[in-house]
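Colleague: Let me give you the structure first, and then I'll get to my questions.
Nothing in this text is a laboratory measurement; each read-out follows from the coordinates by a stated rule. In this text, all values refer to a predicted model and were calculated from it rather than measured experimentally. Cβ atoms come from the backbone with ideal geometry, glycine included; neighbour counts cover every protein chain shown.
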Amino acid sequence: MDISVNLAGRRVLVVGHAGEARHTIARCLASGARVYLAGDDDEGRDDRAAETVVRVVLPQNRLEWRTLVSSVDLVISVGVDSATTDALERASRDARVWLTAEPPSPTLPLGRVTLVGGGPGDGQLLTVAALTALREADVVFFDRLGPVARLSEWAPGAELVNVGKTPGHHAVNQTEIEQKLVEAALAGRTVVRLKGGDPFVFGRGGEEVLACSRAGVPVTVVSGVTSAIAVPGAAGIPVTHREISRLFTVVSGHTPLAESELVHLAGLGGTIVVLMGVGTLPHLTAGLARAGMRASMPVAIVEKGFSTSQRTTRATLADIAALASRLGVLSPAVVVIGEVVRLSEQLDVTTATFLQDAAAELTTD
Ligand code: SAH
């Protein structure tokens, strides 16, 4: 019988040999448990989980077992001898603490996880490092924001697992994704987590790195081209431009900004780039206006960057929310607020033409 228990914040005592219990320990750590280990150590083993596990001395008599067991919420024995099993059963019964047993882990070599930034959707914007990681992968966990059209070609030897929303299916939640990454690496697999844009820009990449390192799984990150810069660029909008904007701020519009944040943003005087900002656009534009930004400030929304249906909508701070709603602007889209938007106003120039124009301008400077 399988029972799933939420172990977040719970104290779990693992009794067994550190090496044989490493999968059990890693799964407990990945679920947010505080893990105590009573058992032998492997001499000289590369034990990355060691720092997060509290070692306790193996009890020598009934009282010591009972004291130890009664201070935790769950006990898991892993491949222990019959004398230890008897002592544990007695102590758990006395202390009324749950006891379960798991088989020892086979001594498989540990796999690894690479978080790969896949860029904003166009395969041309994958890095060489991203392609190398994909080519070596045994399993790729992806979602709709990454470049996925040619995934089976880029990762020919890999099982492809969709952890994003698909029609009729909920997205796999973040904790489950982290557990899947850890479990696959513990099973010795070379794992790629492919993410849209850059893994560390609103991509929850930091959480996935932490989950892996907490579980003792080696993890590396391959940076990606972020939509925050590339999508405005694809619509001919440079996020900085000499004498027009010398700073840009990237902000999440996932939840409405607080009044003090709006005041700071409006006061910065550079370009503001908003990701996940379609839903909160009316709140943002009204807030910036309240915070003193002038009504005529140019704003652009670039939808579905790098796809055949890329579309740019331009207006002013005062008008953009109403226009976006009239035109049915949808996510994914990047909102750009600032004078740099004017630079793209000769229709939808491509980045290439824009760069050509900019280069010509520079040579005549
Ligand atoms: N890590 C990603 C961002 C994840 S948040 C990155 O660095 O790009 C998801 C948001 O990114 C979307 O809501 C949208 O605002 C933006 N986005 C990502 N890809 C996009 C695209 N191709 N076109 C427009 N917006 C995009």
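Colleague: Net charge near VAL299: determine it from the other residues with C-beta under 10 Å of the C-beta of VAL299, scoring Lys and Arg +1 and Asp and Glu -1.
Modeller: Working: positive: ARG314; negative: ASP319.
Its environment carries a net charge of 0.
Colleague: Where a ≥ b ≥ c are the square roots of the eigenvalues of the C-alpha gyration tensor, would you call the chain rounded, which needs a/c under 1.5, or, failing that, prolate if a/b is larger than b/c, or oblate?
Modeller: On the way: a/c = 3.11, a/b = 2.26, b/c = 1.38.
The shape class here is prolate.
Colleague: Once amide H atoms are built 1.01 Å from N in the peptide plane, which residues 5 or more positions from VAL222, or in another chain, come under 5 Å H to H?
Modeller: Close amide H contacts, sequence-distant or interchain: LEU115, VAL116, GLY117.
Colleague: Now a separate question. What shape does region 115-225 take by its C-alpha gyration tensor, where a ≥ b ≥ c are the square roots of the eigenvalues and a/c under 1.5 counts as rounded, a/b above b/c as prolate, and the rest as oblate? The partial results should precede the final answer.
Modeller: Details: a/c = 1.29, a/b = 1.19, b/c = 1.09.
It is rounded, given that a/c, with a ≥ b ≥ c, falls under 1.5.
Colleague: How much net charge surrounds ILE244 when only other residues with a Cβ under 11 Å from its Cβ are counted (Lys, Arg +1; Asp, Glu -1)?
Modeller: Values: positive: ARG242, ARG246, ARG342; negative: GLU243, GLU339.
Charge balance near ILE244 sits at +1.
Colleague: Quick one: grab the alpha carbon gyration tensor of region 228-352, order the square roots of its eigenvalues as a ≥ b ≥ c, and give me rounded if a/c is under 1.5, else prolate or oblate depending on whether a/b is larger than b/c. Walk me through the numbers before you get to the answer.
Modeller: On the way: a/c = 1.62, a/b = 1.22, b/c = 1.33.
Oblate, since a/c reaches 1.5 and b/c is not below a/b.
Colleague: Can I ask one more? Determine the sum of side-chain charges near ARG193: Lys and Arg each +1, Asp and Glu each -1, restricted to other residues whose C-beta is under 15 angstrom from that of ARG193. It would help to have the intermediate numbers written out before the result.
Modeller: Values: positive: ARG112, ARG144, LYS180, ARG189, LYS195, ARG204; negative: GLU136, ASP138, ASP143, GLU159, GLU176, GLU178, GLU183, ASP198, GLU207, GLU208.
Every neighbour counted, the sum reads -4.
Colleague: If you take every DSSP beta bridge fully contained in the chain, what fraction is antiparallel? Give it as a percent rounded to 5.
Modeller: Details: 18 of 58 bridges.
In the chain, DSSP labels about 30 percent of beta bridges as antiparallel.
Colleague: Something else about it: Per DSSP H run of at least 4 residues, take -39500 (n - 2.57); add these up for the chain, divide by its residues and hand me the 222 nm value, nearest 500 deg cm²/dmol. Working shown, then result.
Modeller: Working: 12 runs with 117 residues, N = 365.
Helix-only estimate at 222 nm: -9500 deg cm²/dmol.
Colleague: Return, ordered by residue number, the residues of region 81-123 whose backbone nitrogen is under 17 Å from a label point located 7 Å along Cα→Cβ of ALA149.
Modeller: Those under the cut-off are 118-123.
Colleague: Follow-up. If you average the sequence gap of Cα pairs under 8 Å that are 6 or more apart and divide by the length of the chain, what percent do you get for the contact order?
Modeller: Numbers: 726 pairs, mean separation 51.2, N = 365.
The normalised contact order for the chain reaches 14 percent.
Colleague: With springs only between Cα atoms under 10 Å, which of VAL75, VAL299, VAL54 fluctuates most in a Gaussian network model of the chain?
Modeller: Result: VAL54 has the largest fluctuation of those listed.
Colleague: Which residue, THR312, THR240, THR271, tops the fluctuation ranking in a GNM of the chain built on C-alpha contacts under 10 Å?
Modeller: Evaluated over the chain, the most mobile residue of the options is THR240.
Colleague: Right, something else. Of the candidates ILE244, ILE272, ILE229, which one comes out as most mobile in a Gaussian network treatment of the chain with C-alpha springs shorter than 10 Å?
Modeller: Evaluated over the chain, the most mobile residue of the options is ILE244.
Colleague: On to the next question. Which of PHE248, PHE141 has the fewest other C-beta atoms within 10 Å, and how do the rest follow up to the most? Write out the running numbers ahead of the final one.
Modeller: Numbers: PHE248 19, PHE141 26.
Ordered by Cβ neighbours within 10 Å, fewest first: PHE248, PHE141.
Colleague: Just to check I understand the Karplus step: with θ = phi - 60° and J = 6.51 cos²θ - 1.76 cosθ + 1.60, what whole-Hz values come out for region 110-121, glycine and proline as x?
Modeller: 6, x, 8, 10, 10, 8, 10, x, x, x, x, x
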